[in-house]
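The values are calculated or read from the model by the stated rules, or taken from the named source; none is laboratory data. Not measured: the values here are computed from a predicted model. Glycine also receives a Cβ, built like all others from the backbone with ideal geometry; neighbour counts cover every protein chain displayed.
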Amino acid sequence: MSYIIDRRLNAKKKSTVNRQRFLRRYKKHIKRAVEEAVNTRSIRDIDKGGEVSIPNKDISEPVFHHGNGGIRERVFPGNKDFVVGDEIKRPEGGGGGGSGQGQASNQGEGEDEFTFQINQEEFLDFMFENLELPNMIKKQLKDATSFEVRRAGFTSVGSPDKLNVVRSLRAANARRIALSGKERRKIRELKKEIKTLEGLLPNHDAVIQIAALNEEIKELNKRIKRMPFIDEFDLKYNNLVRTPVPSSKAVMFCVMDVSGSMTQSIKDIAKRFFILLYLFLTRSYKKIEVVFVRHHTHAKEVDEEEFFYSRETGGTIVSSALNLSADIIRDRYPPGDWNVYVAQASDGDNWDGDSHHCREMLEQRILPLVQYFAYVEITTGPHQNLWLEYEQIREKFGDTFAMQTIIEASDIYPVFRKLFEKKE
């Protein structure tokens, strides 16, 4: 066994980088722990961070070790309490307070599971990884509230932080060349004359003329050098303009059945599903609106608090909720400006004859306007008439209509991921 002592100073945020590396390495275990937490927590605590346990056998780290043979040196930490030959008492109460259960044994050894904490941000990152709203498209610019800054050439005025040095030096060089053009042409002509006179050397008159021409060239070069290297006129600034961009605005209709046929356990499952959906939407999308619709014999648009915690109940007419949703889409969310989504949760029980009306309303008033419709039926028995009618819709509308069944609370998270998994 070798002991490597690293005495290098820790860089800034080193622990953060190491933590992210650790989370990536044990991603599978963390995702499994997150799924278990979603299924077992109370509704109010579903989005909080918490403990994650990893079996000790799954934690394997690479180590340096010596091969056979060779000379070995070991570095042991010193201590001031013991010397060679001292006897150390066995700890009281067994092996140090492990959390294992079972009968006592006079042999064997092991370690408890490794447990660590993840915060709320990390918990939600793992919960909603690789999920998206299907068929999201960018809409027209009408009432667009999002802008992005784009380059639009250069300007002669601006703040110092927007100064384009390369363009300014290029403009200064062009100015100097343009203003000194007359002098440069004169210099070229004088040099040609000097070259001609050099052929007459050592003629005394030629020597005098060459000296005079060199003096004139010297004066012209001084005049060129007196031109400022860069002038205020040369300064060029990046021109940045705010440009409206197509807005990916989206609205999600959460439609929940609260009729008398929905038992308390079924309602709790439906609420858990919609809480997951609400957390996913508000975390993953900047421009998102959520419309909450509860229904029994009558449908009503409610706020978040009433949607999740109201105890109102009654009979079952599902078409009332679909009709209200269609009216709201028509009045407030034109499909030309919005990506419209609907998620419906029910036990499938409906008033006789109303399920056929629901199918017609979906086909004629809602599905032509929405990007995606997700229906979740929560039942432990055979499917009801609403499911049978919706199956006919699924055959016609394909990717824009999805159906899933939830039997118990442990099915919520897997079903949620199936409905909103990212498509390639």
Original post:
Do we find a residue being surrounded by 12 or more Cβ atoms within 10 Å (Cβ to Cβ), in a helix (DSSP H, G or I) and acidic (Asp, Glu) anywhere in the range 173-187?
Top reply: yes
**OP:** Could you list, in sequence order, all residues of the range 227-239 that are within 16 Å of residue 159 (Cα to Cα), hydrophobic (A, V, I, L, M, F, W, C) and either surrounded by fewer than 13 Cβ atoms within 10 Å (Cβ to Cβ) or at pLDDT below 85 (or both)?
**Re:** 233
Original post:
Does residue 326 qualify as being modelled with pLDDT of 90 or more, assigned by TED's automatic domain parsing to the domain that holds residue 263, within 28 Å of residue 411 (Cβ to Cβ) and among the hydrophobic types (A, V, I, L, M, F, W, C)?
Top reply: no
**OP:** Run down 294, 332, 311 and say which single residue is more than 30 Å from residue 249 (Cβ to Cβ) and charged (D, E, K, R).
**Re:** 311
**OP:** State all residues of the range 374-397 that are within 24 Å of residue 251 (Cβ to Cβ) and free of Cβ contacts under 8 Å to residues at least 12 places away in the same chain; if no residue qualifies, say none.
**Re:** 394
Original post:
From the list 233, 229, 308, 274, which one is in the same structural domain as residue 180 (by TED's automatic domain parsing) and in contact (Cβ under 8 Å) with a residue 60 or more places away in the chain?
Top reply: 233
Original post:
Which of the residues belonging to the range 394-414 are at pLDDT below 90 and over 22 Å from residue 366 (Cα atoms)?
Top reply: 408, 409, 410, 411, 412, 413, 414
